[in-house]
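**Student:** I'd like to ask some things about the structure below.
Throughout, read-outs are computed from the coordinates displayed, never taken from laboratory work. It should be emphasised that the depicted structure is a prediction, and the values quoted were computed from it without experimental measurement. Cβ placement follows ideal geometry from the backbone for every residue including glycine, while neighbour counts extend to all protein chains displayed.
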Amino acid sequence: MLSNTIQFRVRYGETDQMGFVYHGNYAQYLEMGRIEWLRKLGISYKKMEESGIMLPVVNLSLNYLRAAKYDDLITLKTFLVKKPSVRIDFRYELYNENNELLTTAKTTLAFIDMKTNKPTRPPKYLLEKIATLNY
């Protein structure tokens, strides 16, 4: 499971006056993809934070190819790019219900020790789960 797919419907409040998804909402969509990618792997981001590790986004890149619109059923595919170290990289593809590619994106997140506020290695349990994927 180096990838995961979720679907959601664009809500009216996520759009601008033209009925297109406001660009700022894409970051939240990508977060939904990452959280569900971890959940499918058997890892709770909430529990990771409770154990003292957070994952702030340090880089975000989006390529808008087509507009997502109000009430579109969006398919979001989230891919792990490589085995994580102090950072973890994801790639994303968003499709509409006609299977047209709307947006591609990339994020890099850093593992941060919440006590020291310094970068740290990923939790051992995360690396162990990823290792079972034959990455």
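**Student:** Please express the Cα-Cα pair-distance distribution P(r) of segment 3-131 as a list of whole percents, one per 10 Å bin, running from 0 to the bin with the greatest distance.
**Tutor:** Pairs per bin, as whole percents: 12, 42, 29, 15, 2.
**Student:** Report, in deg cm²/dmol and to the nearest 500, the calculated mean residue ellipticity at 222 nm for the chain, where each DSSP H run with n ≥ 4 adds -39500 (n - 2.57) and the sum is divided by the residue count. Walk me through the numbers on the way to the answer.
**Tutor:** On the way: 3 runs with 30 residues, N = 135.
Per the formula, -6500 deg cm²/dmol.
**Student:** If you don't mind, another one. May I ask you to evaluate 6.51 cos²θ - 1.76 cosθ + 1.60, the Karplus curve with θ = phi - 60°, for each residue of segment 60-73 and list the ³J(HN,Hα) values in order in whole Hz, giving x for glycine and proline?
**Tutor:** 9, 9, 10, 10, 8, 9, 9, 7, 8, 10, 3, 6, 5, 8
**Student:** Under 13 Å from the Cβ of GLY24, count the other residues' Cβ atoms, weight Lys and Arg +1, Asp and Glu -1, and hand me the total.
**Tutor:** -3
**Student:** Any idea what the dipole of the chain comes to, in debye rounded to 20, about its Cα centre with Lys/Arg Cβ at +1 and Asp/Glu Cβ at -1?
**Tutor:** Charge dipole of the chain: 660 debye, to the nearest 20.
**Student:** Let me ask another. Under 14 Å from the Cβ of GLU100, count the other residues' Cβ atoms, weight Lys and Arg +1, Asp and Glu -1, and hand me the total.
**Tutor:** 0
**Student:** Identify, among LEU133, THR5, LEU62, the residue whose Cα sits farthest towards the positive end of the charge dipole of the chain, taking +1 on the Cβ of Lys and Arg and -1 on the Cβ of Asp and Glu, with the dipole about the Cα centre.
**Tutor:** Positive-end residue among those listed: LEU133.
**Student:** So what are the ³J(HN,Hα) numbers for segment 83-94, from phi and the Karplus equation (6.51, -1.76, 1.60; θ = phi - 60°), rounded to whole Hz, Gly and Pro as x?
**Tutor:** Listing the rounded values in order: 4, x, 10, 7, 10, 10, 10, 10, 10, 9, 9, 10 Hz.
**Student:** Sticking with this structure for a sec: Mind listing the phi-derived Karplus ³J(HN,Hα) values for segment 114-121, rounded to whole Hz, using 6.51, -1.76 and 1.60 with θ = phi - 60°, and x for any glycine or proline?
**Tutor:** Coupling constants for segment 114-121: 5, 6, 9, 6, 10, x, 9, 6 Hz.
**Student:** Do any of LYS77/LYS118; LYS46/LYS129; LYS46/LYS115 go past 20 Å between their Cα atoms, and which?
**Tutor:** As for pairs spanning more than 20 Å Cα to Cα, those are LYS77/LYS118.
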